[in-house]
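The values are calculated or read from the model by the stated rules, or taken from the named source; none is laboratory data. Predicted model, so just to flag it, every value in this text is computed and none were measured. Here the Cβ positions follow ideal geometry from the backbone for every residue, glycine too, while neighbour counts run over all protein chains shown. Ligands, DNA and RNA are stripped out before the accessible areas are found, and what is left, the full protein with its side chains, is counted by its heavy atoms. Shrake-Rupley method; radii C 1.70, N 1.55, O 1.52, S 1.80 Å.
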Amino acid sequence: MVVKITKLNHSGVGMSTINEKVVFIPKTIPGDIVDIEIKKEHKNYIEAIPVTYKELSRNREPIPCPYYQECGGCQLMGLPYQEQLNYKKEKVINILKRYANLTINPKIIASSPYQYRNKITLQVKNGQIGLYTQNSNDLISINNCLLVSDEINSIIKLIEEKLNLQDINQIIIREANNQLMVQFLGNILEEELIKNLSSQVASIYLNEKHIIGQKNITETLDKYQFLISPASFFQVNHNQTINLYNQVKEYLGPNNKKILDLYCGTGTIGIYVSEYCEQVTGIELNPSSVKDAKHNIKLNNLTNIKIKQGDVGKILQAQNTYDAIIVDPPRSGLDKRTRKTLLKIKSPKLIYISCNPITLARDLNELQSLYNLEDITLFDMFPNTYHVECVMWLCLKK
Ligand SMILES: C[S@@+](CC[C@H](N)C(=O)[O-])C[C@H]1O[C@@H](n2cnc3c(N)ncnc32)[C@H](O)[C@@H]1O
């Protein structure tokens with residue numbers, strides 16, 4: 001059956017209709033005319049895959065990745081980069097209108113579309129390195145990803161060539177300041193890792209065990225240094241992280257007494273804005289990130305930041321006063337208790353960083369009872385995928 005793609009859904013999947021029923025076809029863009037195979041028919045929609053591209057959208061650009069069609073990592077390759085940015089902007093505008101009744105006109109900050117990631121998580125099955133295909137645990141064998149640097153790709157090739165990966169399940173490679181950290185999950189001879197990799201990478205881990213080299217690698221953001229260890233969260237797009245944190249700093253403004261940095265990870269945002277504050281308190285659940293955050297505070301010779309370990313929803317207290325609260329939750333957004341406590345604290349400024357506009361809209365529905373939107377900026381942290389990062393500045397209503 002042949003259909004014409006009319007638009008993309010919020011996950012970057014092409015959409016069309018068959019007899020007024022919506023059909024979702026991944027790896028297509030608006031304007032493509034494709035022969036499809038129906039995979040599953042649901043009550044209200046159909047899932048299909050493209051079999052033959054009868055006519056390509058006039059908008060299309062050549063796809064530089066040989067794995068794109070099967071790999072689950074990217075959704076938007078083929079769509080020119082400016083169109084990707086327009087799609088992401090429209091998506092956030094529509095979601096916030098539909099689910100939070102908010103009319104916005106955000107600017108979106110572009111990234112370099114390739115080689116922007118400082119981390120890749122590779123799956124390994126039967127000794128083969130790869131990535132999962134779209135919506136499945138099937139592996140597509142790859143040894144080169146256009147979203148990471150040439151250095152990371154060289155290490156992937158070296159690992160593939162030199163190591164027996166039969167009992168390895170996953171390999172995580174991270175990069176900072178031209179240093180590489182490689183973590184293997186599964187079983188492999190330590191001597192084999194040392195012999196083949198130790199001269200090429202700064203740090204090697206086998207599961208949680210540090211094998212050789214440095215225990216951490218160090219990232220630089222502006223004038224600050226940050227330790228990265230295998231278990232801690234760190235933003236994946238270095239240049240956009242600097243842009244994002246500068247925006248947070250601008251929204252925050254100088255001369256704050258007390259601020260909160262919730263979901264603070266390795267303390268990066270709190271450290272970045274610390275010169276604008278007398279006291280910063282960070283809260284983070286992951287003990288390994290908390291350890292790194294404390295280390296990062298010392299590394300940057302700061303004395304006005306403290307970190308508490310725990311679940312924000314459980315340990316955030318309503319009695320304190322803060323000039324501003326920065327929240328940067330995971331994709332699930334703020335939990336109910338956190339939303340309630342924030343409405344009790346009533347800090348004059350709230351800066352909300354979100355990687356999921358749907359949960360952002362849900363949270364705003366409640367926060368809007370006390371807060372007005374002052375400004376919003378979008379950051380394309382993840383080019384060629386459907387993801388987008390939003391930073392929102394909210395002010396307490398007078
Ligand atoms: C999107 S990351 C943000 C990290 C940091 N702000 C940054 O820019 O690197 C979200 C962080 O929230 C933490 N987290 C998730 N659920 C949490 C919870 N209930 N309470 C506290 N921290 C949580 C995660 O461990 C992760 O470090």
(message) Among the listed residues GLU47, GLU55, GLU37, GLU20, identify the single one that is out of contact with any helix residue (DSSP H, G or I) (no Cβ under 8 Å at 6 or more places or on another chain), open to solvent by 90 Å² or more (accessible area, probe 1.4 Å) and at pLDDT 95 or above.
(response) GLU55
(request) Could you give me the residue pairs with C-beta distances under 8 Å whose first residue belongs to the range 316-329 and is in the same structural domain as VAL391 (by TED's automatic domain parsing), whose second residue is away from the ligand (no atom under 13 Å from the Cβ) and polar (S, T, N, Q) wherever it lies, and which are 6+ apart or on separate chains? (result) THR321/SER347; TYR322/SER347; ASP323/ASN256; ASP323/SER347; ALA324/ASN256; ALA324/SER347; ILE325/SER347
(message) Looking at the range 345-359 only, could you name the residues that are away from the ligand (no atom under 12 Å from the Cβ) and in contact with a strand residue (DSSP E or B) (Cβ under 9 Å, 6 or more places away or on another chain)?
(response) ILE345, LYS346, SER347, PRO348, LYS349, LEU350, PRO357
(request) Evaluate the range 194-205: report whether one residue or more is under 20 Å from the mean Cα position of the chain (by Cα) and crowded, with 18+ Cβ neighbours inside 10 Å. (result) no
(message) When you check LEU260 against the structure, is it more than 11 Å from the ligand (Cβ to nearest atom) and under 16 Å from GLU284 (Cα atoms), yes or no?
(response) yes
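To keep it simple, each residue is scored yes or no on (1) within 25 Å of the chain's Cα centre (by Cα); (2) modelled with pLDDT under 95.
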{"residue": "ASN286", "(1), (2)": "yes, yes"}
{"residue": "ASP292", "(1), (2)": "yes, yes"}
{"residue": "ILE297", "(1), (2)": "yes, no"}
{"residue": "ILE307", "(1), (2)": "yes, no"}
{"residue": "GLY310", "(1), (2)": "yes, no"}
{"residue": "GLY313", "(1), (2)": "yes, no"}
{"residue": "LEU316", "(1), (2)": "yes, no"}
{"residue": "TYR322", "(1), (2)": "no, no"}
(request) Please find, among SER332, SER289, the residue that is within 15 Å of the ligand (Cβ to nearest atom), touching a Ser or Thr at 6+ places or on another chain (Cβ under 9 Å), among the hydroxyl-bearing types (Ser, Thr, Tyr) and in a helix (DSSP H, G or I). (result) SER289
(message) Going by what's in this entry, would ALA318 be described as within 15 Å of the ligand (Cβ to nearest atom) and either surrounded by 22 or more Cβ atoms within 10 Å (Cβ to Cβ) or not in a helix (DSSP H, G or I) (or both)?
(response) no
